[in-house]
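The values are calculated or read from the model by the stated rules, or taken from the named source; none is laboratory data. Every value quoted in this text rests on a predicted model; they were computed, and no experiment measured them. Here the Cβ is made from the backbone with ideal geometry for all residues, glycine too, and neighbour counts use every protein chain on show. With ligands, DNA and RNA removed, areas are computed over all heavy atoms of the protein, side chains included. Shrake-Rupley method; radii C 1.70, N 1.55, O 1.52, S 1.80 Å.
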Amino acid sequence: MADQRPRVWVSQPLFDDTVAQLAAYCDVVATPEITAHDSAALAAQLAGVDGALVTLNDRIGAAEVAAASQLKVIANVGVGYNNLDIPALSAAGILATNTPDVLTETTADLGFALLMAAARRIVESDRWLRDGQWGQWSFTTMLGTDLHGSTLGILGMGRIGQAIARRGHHGFGMKVLYHNRSPLPEDVEREVGARYAGFDELLSHADHLLLVLPYTAQNHHIIDATALAKMKPSATLVNIARGGIVDELALADALSNGRLASAALDVYENEPQVRPELLALRNIVLTPHIGSASLATRRAMVQLAVDNLQAGLGIGPDAGRPVNVVNADLLDSGTARVATSGGKTIIKKR
Ligand code: DGY
């Protein structure tokens, strides 16, 4: 490794100037166009490289890394990493990194934008007006639901959940309830203006429910027909987490039968496919997974992923232990394909 430049694969077009930083230290194979890599293509690309920059489109597990004997670090450009099979990567000694923090506020902004759009029927109004249906101003046109003074429910209270709570409590005077694996420390609860609630209490008290939890096998379809039936019929549901958290058919059914007033989804179970049952509804806002999609934030995410990759490979200006390792136990146990020495990662001699 000392006498050989590492090889790095970049799975999707990102920001060229940021990715170009890698070229100072590595041989970079970049994917020129947005590409849906299937399992075989991923396996072939990963087989010859030391590191990879990937996104949520790239599903990587045991089969994809089976022939990747050189691969040491996978840097995911995203905070959610359910596209990566972490136990399989750990078993192979491959470090995985993600990009938390830099996207927190941008994603919270989008959550709030979707909430306002759905509750106040903004997209529906826009479509109705463009369709030429606005004959005369009327007192009862497009009546929606207030945000101010209402109860905001947040399922999942990590960084993004807390940023949404602050917006709701301090900006809109909302009462904020949250449910999480464990309650926040009291001082954090006070600062964000939120109170812990049981799952059922959250569902039944929320005027608006935002889903911000990481997707796991345990919370697959946690918002199903039973959960939806516990919500107020006047409520709004917003999902900016991962599609698998919501049973989309049950949601479409509740929205079309008046058991839920409105919803907004930024994520889907089978992206980029969106169910026709959802597309047919007027009381749902649908966006194409743009939670972190501001220019500044997407650039920051790519920069952080590049930094993580370089640090993991022990190269570049910040060579050393990458800050956002998801499976850090590998480094601590010495089972990673890289090792740490003097606080820095080094490539193990093979
Ligand atoms: C993430 O970071 O997990 C987002 O969903 C991708 O922007």
Listed by chain and number, the residues whose amide H is under 5 Å from that of His221, excluding neighbours fewer than 5 places away on the same chain and using placed H, are Ile245, Val246
What percent antiparallel are the DSSP beta bridges of the chain, to the nearest 5? 15 percent
Helix axis angle, 295-313 relative to the chain longest principal axis, alpha carbon, degrees: 30 degrees
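Could you order Trp134, Trp9 by accessible surface area, starting with the largest, using a probe radius of 1.4 Å?
Values: Trp134 135, Trp9 5 Å².
Reading off the accessible areas and sorting them downward yields Trp134, Trp9.
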Environment charge at Ser256 (Cβ cut-off 15 Å; Lys +1, Arg +1, Asp -1, Glu -1): -2
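Restricting to lysines 8 or more places apart or on different chains, can you count the pairs in the chain with Cα atoms under 20 Å from each other? All intermediate terms of the calculation are to be shown ahead of the outcome.
Numbers: Lys72/Lys344; Lys72/Lys348; Lys72/Lys349; Lys175/Lys230; Lys175/Lys232.
Close lysine pairs found across the chain: 5.
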Segment 71-107 to segment 156-179: how many Å between their Cα centroids? 26 Å
Here segment 211-226 yields Karplus 3J(HN,Hα) values (6.51, -1.76, 1.60; θ = phi - 60°; whole Hz; Gly and Pro given as x) of 9, 9, 9, x, 7, 9, 4, 5, 9, 4, 6, 5, 9, 10, 4, 5
Relative contact order [Cα under 8 Å, 6+ residues apart], the chain, whole percent: 18 percent
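State in Å² the accessible area per residue of the chain; use a 1.4 Å probe, count heavy atoms of protein chains only, and round to the nearest integer. Show your work: numbers first, answer last.
On the way: 16150 Å² over 350 residues.
Ligands and nucleic acids excluded, the result is 46 Å² per residue.
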Helix 104-119: angle to the longest alpha-carbon principal axis of the chain, degrees 0 to 90, nearest 10? 30 degrees
Hey, can you grab everything whose amide H is under 5 Å from the amide H of Gly316? Only 5+ residues off in sequence or another chain; H modelled, so Pro and N-termini drop out. none
Can you send over the solvent-accessible area of Arg5, 1.4 Å probe, protein chains only, in Å² to the nearest 10? 100 Å²
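Run the helix sum for the chain: -39,500 (n - 2.57) per DSSP H stretch of 4+ residues, divided by residue count, reported at 222 nm to the nearest 500 deg cm²/dmol. Walk me through the numbers on the way to the answer.
Numbers: 14 runs with 112 residues, N = 350.
It lands at -8500 deg cm²/dmol.
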With θ set to phi - 60° and the Karplus curve 6.51 cos²θ - 1.76 cosθ + 1.60, what are the ³J(HN,Hα) couplings of segment 31-42 in order, to the nearest whole Hz, using x for Gly and Pro? 8, x, 10, 4, 9, 8, 6, 7, 4, 5, 5, 4
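Take the solvent-accessible surface of the protein heavy atoms, probe 1.4 Å, and return the percent of it on the chain that carbon and sulfur atoms account for.
54 percent
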Taking amide H positions as placed in the peptide plane 1.01 Å from N, state which residues far from Ala96 in sequence (5 or more) or on other chains have amide H under 5 Å from it. Ile74, Val326, Asn327
